[in-house]
Amino acid sequence: MKTQRLDKIISSQFNLTRSNARRAIRIGQVSVDGKIVKEFATAVDINSQKIEYCGKALSYKEHIYIIMNKPKGVLSASQDKSAKTVIDLIPQQLMRKNLFPVGRLDRDTTGLLIITDDGDFAHSLLSPKKKVYKTYIAVLDGDITDQMCKEFTKGIVLADGTECRPAYLKSLGNCCAEIKICEGRYHQIKRMFGVVGLGVNELKRVAIDDFWLPEDLKEGECRELEKNEISFLLKDC
Ligand code: URA
């Protein structure tokens, strides 16, 4: 049996402040197993009891995992004083407290971003020790050479002396390249190409490990990850 206080459940699952959750309970908007419960500290078994808020049945989830195709122009941050963030793009029905993006994409980078409230999950994908490779497509201001591919594989040393782990670079023709890295240093790919004398005009993340950005998820769109997708992402971690 896994019990939790009713106000905590309503607050976390319906993205209400604790005081609004308590108010909703007090005024009779919450029922447990079909009966209105007005005592906010009631212990409820989240696995076996049926909770409804304003007639909406709750399917309890400890954490939420959202996949987004990040558009240009928004910050990968939980909040910002003035700029629009990826959290501002999350629709109300997926909104939870404490959401954060798993790793950062630059404001002008597009593509695969996962947003969650599960810190352990994020650590599994981000820790360089776990060597989870992320794949990007870059549009460059010149063509890559075999020598550049070798240098990336050996490990680029950035202008400030930082040694990067091996990265894998492949030409896709027409100044386009696929690049795989397993770290997330600030502007890492742009700085790596800078070392070999190339500028990055466009950058899109297309995969995390073997999990690819779904083709039907348009820029700016997001949806909840399916259970099997979450397990797939965590398979080696
Ligand atoms: N490397 C960059 O330079 N930018 C990103 O957004 C991600 C990786």
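Rundown of residues vs (1) at pLDDT below 95; (2) in the same structural domain as Asn174 (by TED's automatic domain parsing); (3) not hydrophobic (A, V, I, L, M, F, W, C), yes/no style:
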{"residue": "Gln92", "(1), (2), (3)": "yes, no, yes"}
{"residue": "Gly119", "(1), (2), (3)": "no, no, yes"}
{"residue": "Cys149", "(1), (2), (3)": "no, yes, no"}
{"residue": "Thr153", "(1), (2), (3)": "no, yes, yes"}
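Quick one: how many residues across the stretch 1-49 are of a type in the set (Val, Ile, Thr) and open to solvent by less than 60 Å² (accessible area, probe 1.4 Å)?
Residues in the stretch 1-49 being of a type in the set (Val, Ile, Thr) and open to solvent by less than 60 Å² (accessible area, probe 1.4 Å): 9 in total.
Mind listing just one residue for me: the one in the stretch 81-125 that is closer than 20 Å to Lys227 by Cα and either acidic (Asp, Glu) or touching a Gly at 6+ places or on another chain (Cβ under 9 Å) (or both) and, of those, nearest to the ligand (Cβ to nearest atom)?
The selected residue is Leu113.
Taking the stretch 173-190, which residues are away from the ligand (no atom under 12 Å from the Cβ), surrounded by 15 or more Cβ atoms within 10 Å (Cβ to Cβ) and not in a loop (DSSP other than H, G, I, E, B)?
Result: Cys176, Ala177, Glu178.
Could you list, in sequence order, all residues of the stretch 191-211 that are open to solvent by 20 Å² or more (accessible area, probe 1.4 Å) and either part of a helix (DSSP H, G or I) or without any contact (Cβ under 8 Å) to a residue 12 or more places away in the chain (or both)?
Arg191, Gly194, Val195
Take Gly73 and decide whether it is at positive phi, assigned by TED's automatic domain parsing to the domain that holds Ile114 and out of contact with any Phe, Trp or Tyr (no Cβ under 7 Å at 6 or more places or on another chain).
Yes; evaluated as a whole, the condition is true for this residue.
Rundown of residues vs (1) outside any helix (DSSP H, G or I); (2) among the aliphatic types (A, V, I, L, M); (3) touching a strand residue (DSSP E or B) at 6+ places or on another chain (Cβ under 6 Å), yes/no style:
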| residue | (1), (2), (3) |
| --- | --- |
| Ser11 | no, no, no |
| Arg22 | no, no, no |
| Gly28 | yes, no, yes |
| Lys38 | yes, no, no |
| Val44 | yes, yes, yes |
| Gly73 | yes, no, no |
| Ala77 | yes, yes, yes |
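The values are calculated or read from the model by the stated rules, or taken from the named source; none is laboratory data. Every value quoted in this text rests on a predicted model; they were computed, and no experiment measured them. Because the Cβ atoms are built from the backbone with ideal geometry, glycine has one as well, and the counts that use them run over all protein chains shown. Side chains are part of the model used for accessible areas, which takes the heavy atoms of the whole protein and leaves out ligands, DNA and RNA. Shrake-Rupley method; radii C 1.70, N 1.55, O 1.52, S 1.80 Å.
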